[in-house]
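What follows is calculated from the coordinates using simple rules that are stated; it is not laboratory data. Bear in mind that the values here come from a model prediction, so they are computed numbers and not experimental data. FYI the Cβ positions are ideal-geometry reconstructions off the backbone, even for glycines, and counts take in every protein chain you see.
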Amino acid sequence: MQRIKRIKRIFFPVIFFLFHNCFYAQKNYRKKIDSIKGLIEKSYLKGNFDENIILKNVTDLYYLSRENNFQEGQIISLFEQAKIYFINGDLNRTLAKINEGIDLAKSKKDYNSLCRFLLIYQDLLFKIDYLNSSKQILTKAQEYNDLVKSHEEKSINDIYILLGKADLLAINENVININEIILLKKQAYTEALKIKDSNKLKRLTLIYTLESLTESLVKFGKTHEAKKYINNTDILLRAYPSEGLVIQNLIIKGNIENANQNYEEAIKYFSLAISKAKKSRNAYILYEIYPLISESYEGLNSPEKSKIYCLAYKQILDSIDIVKDRTSDINYIDSIGYKVLNKNKQNRAVKFLLIITIVILGILSIIILSKIKLKTKKQELNLPKTETLPEIEFSSAKETETTKELVVLAKKDINTFYLEFQKHYPSFYKTLKDEYPELNISDINFCSLIKLNFSIKEIAQFTNSSLRAAQARKYRINKKMRLKSQNELFIILSILNN
C-alpha cells in the first residue's frame, strides 16, 4: 500500500512536468512561427521589401515548421520561396518548391494553396514554351479555385487566371483577338484594384498585373496607352522594389522605345536590366534581353554591336549550367504533371490506344497496298503494247526540291539561307520594299521565313531569338504593312514572287 502511494507521488508530478513542458514547447514554437509570419506580413504591407530578408525569414519558418510537424507553416514558406524564385528567374528552384508544396497542400486538402502553386507553375510553363501543359494546368488551377471557400482569396486567384487565359490567347498564331486579350488583362487590373489594402498580396498583384498588361499593349502596338500604365508601375515599385519586377519593368520600357524607334533610349533600359540581371545571376532574364538589345543596335545600324549580343545569347543558350538546369526542370515538370494531372495513368492508356491504332493501320495498309498492286497488274495487262506514257512535267517537283533545300538550310545556317532564298526568289525583297517602304532588311528576312510556312517558334529557334521577340517582330511587321489579320500576312507572302 505504501509502495503504491510512493508511485503515485512520483508518477503524477512526472506526468505533470512532461505535459507542462510539452505544452510550453508547443506554445513557444507557435509564438516563434507567428512572429516570423508577422515579419513577412509587415514587409509586404509596409513596403520594406528586401527579398533576401524575406527569403531568410521564410526559410526559418520552413525548418521551424518542419521540426514541429506544422504543415501549414511549411506550405506558406514554400509558396513564398517559389514566388520569389520565379520572379527572379530561378526556374529550377521554383519547380523544386512547387513540387514539395503541392504534396503538402494535397495532404492538407488546402485548395487555395494548390491553386496558387499551380498558377506560378502555369506561368513558368508558358515562359519555357510548354504551351499545351500550360493550358491543362490553368484548367486544373481553375478547378481548385472553385473549391476555395474564402471569397477574397478566390478573387485574387481569379486575377491570375484571367492573365493566364489572356497570355494563352496571345500565342494562337492563326486568329488573335487583340481586343479580347487586352480586355481580359484590363479586367484583371480592375479586380486587383478592388483587393483590400490590408491584404499583403495587393501590391504584388497590382504590379504583376500592370506589367502583364503593359507588355501586351506594347506587343500590339498600343505604346501610348502602355506609357500611361507604366507610370503607375513605377510608383508601386518605389514602395515594393522587387529586383525581378524592376528588371521586367525596364524590359517593358525598352520595348516601348524600340517600338517607337527610339533605339538609344531602349538600349539604356536594356543595358540597366542586363546589369541588374547579372548581379542577381538571372540567366533567364538575360536570355530574354539579349535578342531585344541586339534588335535595338540593329535599328541604329550598328551590326557589330548587334552581333555581340547575338553571340552572348548563343553562349547563354548553350552554357552547361543552363543545360543542367533544363534537365532537372524537365524531371520536375514530369513529376508535377503526374501528381496534378494523373499523367501516368493517361500515358499508359494513350500508349495502349496508340499500339492498337498502329496495328489496325498496319493491317489496313497491307490490304490497301495489295488491292492497288492487283489493280495495277490488271491495267498493265489491258494496255496496248504501242501505248506510251505521257510526258511528266518536272517544274513542280523541282520547286518542291528547292523548298526542301531552303528549309534544311534555314535550320543549319540562317545567313546562308537568306542569300540562297534571294537567288530562288529574286524579286521578293525588292517587291516587298517597294510596296511597304517601312519594312527594314530584318523585317524582310523574317518575311522570307514566314513565306516558307515556318511557325513563330521555329523562326525564334533559327534566328537565335526568344519566342517573345519573334512574336513582337511579327506584330510590328503587320503594323508596318497595315494588315488587319494575322492570316493576311501569310497570304500576301505566299503569292509573292511565285
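Quick look at the numbers
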quantity: Across Lys278/Lys423; Lys228/Lys412; Lys97/Lys268; Lys97/Lys185; Lys165/Lys227; Lys227/Lys307, pairs whose alpha-carbon gap is larger than 32 Å; calculated: Lys278/Lys423; Lys228/Lys412; Lys97/Lys268
quantity: Karplus 3J(HN,Hα) series, Hz, for the range 146-152 with 6.51 cos²θ - 1.76 cosθ + 1.60 (x for Gly, Pro); calculated: 4, 8, 6, 7, 6, 5, 5
quantity: Karplus (6.51, -1.76, 1.60) ³J(HN,Hα), θ = phi - 60°, over the range 72-82, in Hz, Gly and Pro reported as x; calculated: 4, x, 5, 5, 4, 4, 5, 5, 4, 5, 4
quantity: Distance (nanometres) between label positions extended 7 Å along Cα→Cβ at Leu169 and Ser335; calculated: 3.6
quantity: Neighbour-count ranking [beta-carbon atoms within 10 angstrom, fewest first] of Asp90, Asp443, Asp129; calculated: Asp129, Asp443, Asp90
quantity: Proxy reagent accessibility, fewest Cβ within 10 Å first, across Ile333, Ile53, Ile247, Ile492; calculated: Ile53, Ile492, Ile333, Ile247
quantity: Cβ-based exposure ranking for Leu184, Leu204, in which fewest neighbours within 10 Å come first; calculated: Leu204, Leu184
quantity: For the range 121-158 versus the range 73-112, the gap between their alpha-carbon centres in whole angstrom; calculated: 14
quantity: Part-to-part distance (alpha-carbon centres) for the range 401-460 and the range 247-310, which is given in Å; calculated: 25
quantity: Column: log10 I(q)/I(0), Debye, Cα scatterers of the range 150-240, q = 0.21 Å⁻¹; calculated: -1.00
quantity: Shape of the range 398-495, Cα gyration tensor, a/c cut at 1.5; calculated: oblate
quantity: Mean projected area in nm² (Cα convex hull; one quarter of hull surface) for the range 89-245; calculated: 9.6
quantity: Of Lys42/Lys200; Lys127/Lys480; Lys42/Lys202; Lys404/Lys451, pairs whose Cα-Cα distance is over 19 Å; calculated: Lys127/Lys480
quantity: Karplus 3J(HN,Hα) series, Hz, for the range 431-438 with 6.51 cos²θ - 1.76 cosθ + 1.60 (x for Gly, Pro); calculated: 4, 4, 5, 5, 6, 10, x, 6
quantity: Förster-model FRET efficiency, 45 Å R0, Ser35 and Glu180, C-beta, rounded to 0.05; calculated: 0.45
quantity: Residues of the range 179-198 with amide N under 18 Å of a point placed 7 Å along Cα→Cβ from His151; calculated: 191-198
